[in-house]
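Q: Have a look at this one before I ask anything.
Nothing in this text is a laboratory measurement; each read-out follows from the coordinates by a stated rule. All values reported here derive from a predicted model rather than from experimental measurement. When we count neighbours, we look across all protein chains shown, and the Cβ atoms used for this are built from the backbone with ideal geometry, even at glycine.
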Amino acid sequence: MPRALPRPLVAGNWKMNGLKAARRELDGMVRGLAKGGRPACDVFVCPPATLIARLAEAARGSPIKIGGQDCHARPSGAHTGDVAAEMLADAGAKAVIVGHSERRHDHGETDAIVAGKVEAAWRAGLVAIVCVGETEAERDRGEAEAVVARSLAGSLPAGVEARNTVVAYEPVWAIGTGRTPTTDEIEAMHGLIRARLTARFGPGADGVRLLYGGSVKPDNAAAILALKDVNGALVGGASLKADSFLAILGVYARKPSLKKSAPKARR
Ligand code: PGA
């Protein structure tokens, strides 16, 4: 029997952007989704930790769920400035991004540290959105697939299932740059990630959503989201404004036949 496709997921990563007034954008997203009908995908918005409780309140009753952008591996203790997964859940989060390349780069997070955070997310009942991706130099050296496979293996602890984990492939050089891999390159990497998950975790991981992230915008979303083994997107800059995020979500409001005919643009 062919495997059922996982329900897509589009997650917005606001990074270190947003004061209280940013609730306006979330309100705009809620209104837009109410008007356009529920999209055929799950939707997360991951604001800075300071906004989680406020936005969880604003999103209540809508298709939008709120997520965090990082968590500490421990549930509490002497870790000044850190936020526990349990605290995110307590504030209303349902998911947390872990291992984003900006965390790996700015805070020296290793795959082992990321794996500890994934376990913390699960312990708190959160979905872990685990990011992996190669740098430009690694891709230029032909090492992209090896680097991603290694990082995936090290960042995922035992126990990955469709209900508790999402993997985001985010080439570091595509984040915030307006550049994206070719559709062939994205498909190849997602195929590799899918194969590795199945080999290691078995059929329980078949439904793990694989998101592409890195310069997803309204004008390239349809082509990217139509690719095999791409089950959604992790969106940075274009998730900050209701209009652009709704335009990306709109891809899942269209008929599947339209998505299939999306051009295989190379850029
Ligand atoms: P971008 O960021 O969409 O602004 O490139 C994506 C991400 O870092 O998650």
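Q: Please list, in chain and number order, the residues 5+ apart from T165 or on another chain whose amide H is under 5 Å from its amide H, with Hs placed from the backbone.
A: Hits under the 5 Å cutoff: A128.
Q: Let me know the shape class of the stretch 1-75, please: from the alpha-carbon gyration tensor, a ≥ b ≥ c as square roots of the eigenvalues, rounded when a/c is under 1.5, otherwise prolate if a/b is greater than b/c, or oblate.
A: oblate
Q: How long are the semi-axes of the equivalent ellipsoid of the stretch 73-202, defined as square roots of 5 times the Cα gyration tensor eigenvalues? Whole Å, largest first.
A: Semi-axes, largest first: 26, 17, 13 Å.
Q: So if the hydrodynamic radius of the stretch 173-251 is defined as the Kirkwood radius over C-alpha pairs, what does Stokes-Einstein give as its diffusion coefficient at 4 °C and 1.567 mPa s, in µm² per second?
A: Answer from the Stokes-Einstein relation: 99 µm²/s.
Q: On to the next question. Ranked from highest to lowest mean number of other Cβ atoms within 10 Å per residue, what is the order of the peptides 110-120, 68-78?
A: Values: 110-120: 19.4, 68-78: 17.5.
Peptide ranking by packing, descending: 110-120, 68-78.
Q: Cut-off 10 angstrom, C-alpha nodes, Gaussian network model of the chain. Which of E170, E161, E138 fluctuates the most?
A: In the Gaussian network model the winner is E138.
Q: Here's a follow-up. How high is the relative contact order of the chain, in percent, with contacts defined as C-alpha pairs under 8 Å that are six or more residues apart? Working shown, then result.
A: Values: 537 pairs, mean separation 53.8, N = 267.
In percent, rounded to a whole number, it is 20.
Q: Counting only complete DSSP H runs, which helices of the chain cover 24 Å or more along their long axis at the Cα atoms and score a mean Kyte-Doolittle of -0.5 or above? Present the calculation step by step, with values, prior to reporting the outcome.
A: Working: long enough: 183-201 (27 Å, -0.12).
Helices meeting the span and hydropathy rule in the chain are 183-201.
Q: Could you give P(r) for the stretch 44-117, binned at 5 Å from zero, as whole percent values over all Cα-Cα pairs?
A: With 5 Å bins starting at 0, P(r) equals 3, 17, 26, 23, 17, 9, 4, 1.
Q: Answer rounded, prolate or oblate for the stretch 1-134, using the Cα gyration tensor with square roots of eigenvalues a ≥ b ≥ c: rounded when a/c is under 1.5, else prolate when a/b is larger than b/c, else oblate. Intermediate values should be presented prior to the final figure.
A: Values: a/c = 1.85, a/b = 1.28, b/c = 1.44.
Here the stretch 1-134 falls in the oblate category.
Q: Still on this model: Take the cross-link list K20/K94; K117/K217; K117/K241; K35/K228; K117/K228 and give me the ones stretching past 27 Å between alpha-carbons.
A: Going by Cα-Cα distance, K117/K217; K117/K241; K35/K228; K117/K228 fall outside the 27 Å limit.
Q: Follow-up question, since we're still on this one. Take the Cα atoms of the stretch 121-267, find their three principal axes, and give me the spread along each one in whole Å, biggest first.
A: 38, 37, 29
Q: Dividing the alpha-carbon radius of gyration of the chain by 2.2 N^0.38 Å (N being the number of residues), what value is obtained?
A: 0.94
Q: With a 10 Å cut-off between alpha carbons and a GNM built on the chain, which of H100, H79, H190 moves the most?
A: H79
Q: Suppose a student asked you for the relative contact order of the stretch 97-177, using Cα pairs under 8 Å spaced at least 6 residues apart; what percent would you report?
A: 39
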